[in-house]
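Encoded as structure tokens, the structure appears first; notes follow it.
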Amino acid sequence: MCGIVGYIGTKQAAPIILEGLAKLEYRGYDSAGMAVYDGQKIRIKKSVGRLKVLEELTHGGDLLPGYLGVGHTRWATHGAPTDANSHPHYNEKETIAVVHNGIIENYISLRTKLEGKGYTFVSATDTEVLAHLLDYYYKGNPLEAITKVMHRVEGSYALGVIFAEYPDRIYAVRKASPLIVGQSPEGCFIASDVPAILKYTRTVYFMENLEVACLKDDSLTFYSADEEEIKKESITVDWDAEAAEKGGYEHFMLKEMYEQPKVLEDTLKKCIRNRDICIEELAMTEEDFASIKKIHIVACGSSYHAGVTGKYVIENLARVPVEVDLASEFRYRNPILEEGALVIVISQSGETADSLAAMADMRDKNVKVLALVNVAGSGIARGADYVIYTWAGPEIAVATTKAYSTQLMALYLFAMKLGKIKGALKQQEFEEMLQDLLRLPGQVERLLANTGRIQRFANRYVAARSIFFIGRGIDYAISLEGSLKLKEISYIHSEAYAAGELKHGTISLIEEGTLVVCVCTQPALYQKTISNMVEVKARGAIVLAVTNEENREMEKEADYVIYIPKNNPNFANSLAIIPLQLFGYYVAVEKGCDVDKPRNLAKSVTVE
Ligand code: AGP
């Protein structure tokens, strides 16, 4: 969850690096630094604090002249955010500089050995160990030193490394943490993510695990960990630069919320043809679908919440049993995986460490894995047997919205295709549901066009100490995501609860004026959920209900009602989540929170 940018070419490196790091601040932003070769030596400038501190420190890069450099924005893992712990890190002779994203799991034992050999450390980071280990193995051949380090360290790393004795090149190394390489007429780039270099190139190479890249100003060479040269294909990225900018919205999160109709439409256009579902990147045959006997959905955070919805929808439409697990739990509970099991790993970034590790365990057990990811070429996308891409485009805000919505859409499509192949979904029902799906983008657009009421309502709750979200079935899954959206950007405590479970303890927390958001979109569960609403109101709660527009009787029961357009109850999450995203957003904005970069969080959690 740190950001790396490197450049070598015909232009000054520092301004390009600063520009690229600015596009990656969402990956981590508690400190930043750069190392640039100035013609004689490698010079490093780094500091704790946001990137603008580094910009000021280096006068926009002017104080670090040179055509070769690497830079870094950090999300602290080992060692608190301090100047000394910021990257890049030097070896003692200051002839090698390294930036790192990931965690070196055996750094303590390596540090002890290096200290025993006379090395002294100036930071508490695992990355500094890499700088000294490179020094220890460097005998004049950079590639040899790098591959020796690769064989010694355990854990995850994306590295940018420069050597003062080789000022004509940058080395990039990847294991588990994302790293891409770009090429342009002005030179070559390394970066943690595409937006950092889109301004200069769309020709991108996604590095695989245990690969090394050697970038010169006019050439690129890739190697294996055994120093064998390897051939790689480039990918042309079709994201436009604006897609990674705010486009006139106050926050990336707001922009991305308003992109939901389009990305849903894009997803449907790519997958619905001739009244059938065709997911071209999904290399599963009808026999593969037919052989599925059980599904395990594994994910984290909002992706997990999408997975909870996926469970209900797949079981409703395909009658295939589904279990949903948090990836951090799944990988340690020794799950029982029988013949015919399919594991679906859902991840926006495709680089979440717990989800990657859960997937790797499944590969070791020869269990088929379907990745449902937003980033082509990401570790989860490349490590799975099958992949479904969610076409949300770059999502910059830490709090996911459009990627979550496209995850839901992908799960609906998968469930319908599976249901049809399994014979649980008749052709007529299938086609009617396709029409229901095609109505969703417009209905989402309608919800986004009327935000005045939810904004005024949100302004009343900026001082709330705790807000509850309750629902049953799919409404419980919607509550989970609504609660997370609120708490992760407004820092207000919030809990999502299965509405029927509240009376088994948690209802004791409801007091006069407590806001309870009650999600009530499933007709078969209306009455049950209304009973729970009455229970909390009897204890002084204020109830905001989110329900279907035909459910007008709700106004007798709830204090405030947000209506969503009528559609198939299986797809209700795609609609009900919109007012809940807006609620969380407006509360956070009213509180003056940093909506796009909430405290303690990063966009991609690439450590355990
Ligand atoms: C979502 O708003 C959160 N930022 C977070 O829970 C996120 O969904 C989680 O970290 C999983 O990320 P992934 O989808 O990239 O795997």
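Taking the range 278-304 as the range and being of a type in the set (Phe, Trp, Tyr) and away from the ligand (no atom under 16 Å from the Cβ) as the test, only 289 passes.
Cβ-Cβ contacts under 7 Å between residues 6 or more apart (or on different chains), taken from a first residue in the range 342-368 that is over 23 Å from residue 101 (Cβ atoms) and of a type outside the set (Lys, Arg) to a second residue that is assigned to a helix (DSSP H, G or I) and more than 9 Å from the ligand (Cβ to nearest atom), are listed as 343/362. Among all residues of the range 585-597, there is none that is assigned to a strand (DSSP E or B), within 29 Å of residue 409 (Cα to Cα) and of a type outside the set (Phe, Trp, Tyr).
Has the range 393-404 got at least one residue that is in contact with a Ser or Thr (Cβ under 9 Å, 6 or more places away or on another chain), modelled with pLDDT of 95 or more, among the β-branched types (Val, Ile, Thr) and over 29 Å from residue 448 (Cβ atoms)? Within the range 393-404, not a single residue is in contact with a Ser or Thr (Cβ under 9 Å, 6 or more places away or on another chain), modelled with pLDDT of 95 or more, among the β-branched types (Val, Ile, Thr) and over 29 Å from residue 448 (Cβ atoms). With respect to being surrounded by 22 or more Cβ atoms within 10 Å (Cβ to Cβ) and outside any strand (DSSP E or B), residue 531 falls outside the description.
Residues that are under 30 Å from residue 574 (Cβ atoms) and in a loop (DSSP other than H, G, I, E, B) occur in the range 190-208; there is at least one.
Scanning the range 489-510 for residues that are within 20 Å of residue 401 (Cβ to Cβ) and either aliphatic (A, V, I, L, M) or surrounded by 21 or more Cβ atoms within 10 Å (Cβ to Cβ) (or both) gives 489, 490, 492, 494, 496. Of 452, 393, all but one fail to be over 15 Å from residue 305 (Cβ atoms) and within 16 Å of the ligand (Cβ to nearest atom); the exception is 393.
Residue pairs whose Cβ atoms lie under 6 Å apart, sitting 6 or more positions apart in sequence or on different chains, and linking a residue in the range 503-518 that is farther than 16 Å from residue 544 by Cα to a partner that is surrounded by 14 or more Cβ atoms within 10 Å (Cβ to Cβ), are 506/497.
Just one of the listed residues (434, 418) is touching a residue at least 40 places away in the same chain (Cβ under 8 Å), part of a helix (DSSP H, G or I) and over 21 Å from residue 296 (Cα atoms), and it is 434.
Of all the listed residues (408, 317), the sole one being within 14 Å of the ligand (Cβ to nearest atom), over 30 Å from residue 154 (Cα atoms), of a type outside the set (Asp, Glu) and in a helix (DSSP H, G or I) is 408.
Here is a yes/no grid of residues against (1) in contact with a strand residue (DSSP E or B) (Cβ under 8 Å, 6 or more places away or on another chain); (2) under 30 Å from residue 23 (Cβ atoms):
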{"residue": "554", "(1), (2)": "yes, no"}
{"residue": "560", "(1), (2)": "yes, no"}
{"residue": "570", "(1), (2)": "no, no"}
{"residue": "577", "(1), (2)": "no, yes"}
{"residue": "588", "(1), (2)": "no, yes"}
{"residue": "591", "(1), (2)": "no, yes"}
{"residue": "595", "(1), (2)": "no, yes"}
{"residue": "603", "(1), (2)": "no, yes"}
{"residue": "608", "(1), (2)": "no, yes"}
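Taken as a whole, the condition of being surrounded by 15 or more Cβ atoms within 10 Å (Cβ to Cβ), at pLDDT 95 or above, within 29 Å of the chain's Cα centre (by Cα) and of a type in the set (A, V, I, L, M) does not apply to residue 542. Scanning the range 560-576 turns up no residue that is in a helix (DSSP H, G or I) and without any contact (Cβ under 8 Å) to a residue 60 or more places away in the chain.
Within the range 478-514, being away from the ligand (no atom under 16 Å from the Cβ), of a type outside the set (Val, Ile, Thr) and not in a strand (DSSP E or B) holds for 499, 500, 501, 502, 503, 504, 505, 508, 509, 511, 512, 513.
The listed residues are 472, 460, 439, and the only one of them that is touching a strand residue (DSSP E or B) at 6+ places or on another chain (Cβ under 8 Å) and either modelled with pLDDT under 95 or more than 16 Å from the ligand (Cβ to nearest atom) (or both) turns out to be 472.
The residue of the range 587-604 that is nearest to the ligand (Cβ to nearest atom), among those that are surrounded by fewer than 20 Cβ atoms within 10 Å (Cβ to Cβ) and touching a residue at least 12 places away in the same chain (Cβ under 8 Å), is 601. Among the residues of the range 354-372, those that are within 13 Å of the ligand (Cβ to nearest atom), crowded, with 22+ Cβ neighbours inside 10 Å and part of a helix (DSSP H, G or I) comprise 354, 355, 356, 358, 359. Within the range 29-51, the set of residues being small (Gly, Ala, Ser), more than 26 Å from residue 169 (Cβ to Cβ) and buried (at least 20 other Cβ atoms within 10 Å of the Cβ) comprises 31 only.
Let me confirm something: among 270, 232, 293, which residue is at pLDDT 95 or above, more than 21 Å from the chain's Cα centre (by Cα) and surrounded by 14 or more Cβ atoms within 10 Å (Cβ to Cβ)?
Of 270, 232, 293, the one residue that is at pLDDT 95 or above, more than 21 Å from the chain's Cα centre (by Cα) and surrounded by 14 or more Cβ atoms within 10 Å (Cβ to Cβ) is 232.
Among the residues of the range 324-353, write down those that are among the polar types (S, T, N, Q) and surrounded by fewer than 24 Cβ atoms within 10 Å (Cβ to Cβ).
328, 334
Just one residue in the set 351, 329 is assigned to a helix (DSSP H, G or I) and out of contact with any Phe, Trp or Tyr (no Cβ under 9 Å at 6 or more places or on another chain); that residue is 329.
Looking at the range 457-470, is at least one residue over 21 Å from residue 513 (Cβ atoms) and either among the basic types (Lys, Arg) or not in a helix (DSSP H, G or I) (or both)? Taking every residue of the range 457-470 in turn, none turns out to be over 21 Å from residue 513 (Cβ atoms) and either among the basic types (Lys, Arg) or not in a helix (DSSP H, G or I) (or both).
The values are calculated or read from the model by the stated rules, or taken from the named source; none is laboratory data. Everything numeric in this text was worked out from a predicted model, so none of it was measured. No Cβ is skipped: glycine too gets one built from the backbone with ideal geometry, and neighbour counts run over all protein chains shown.
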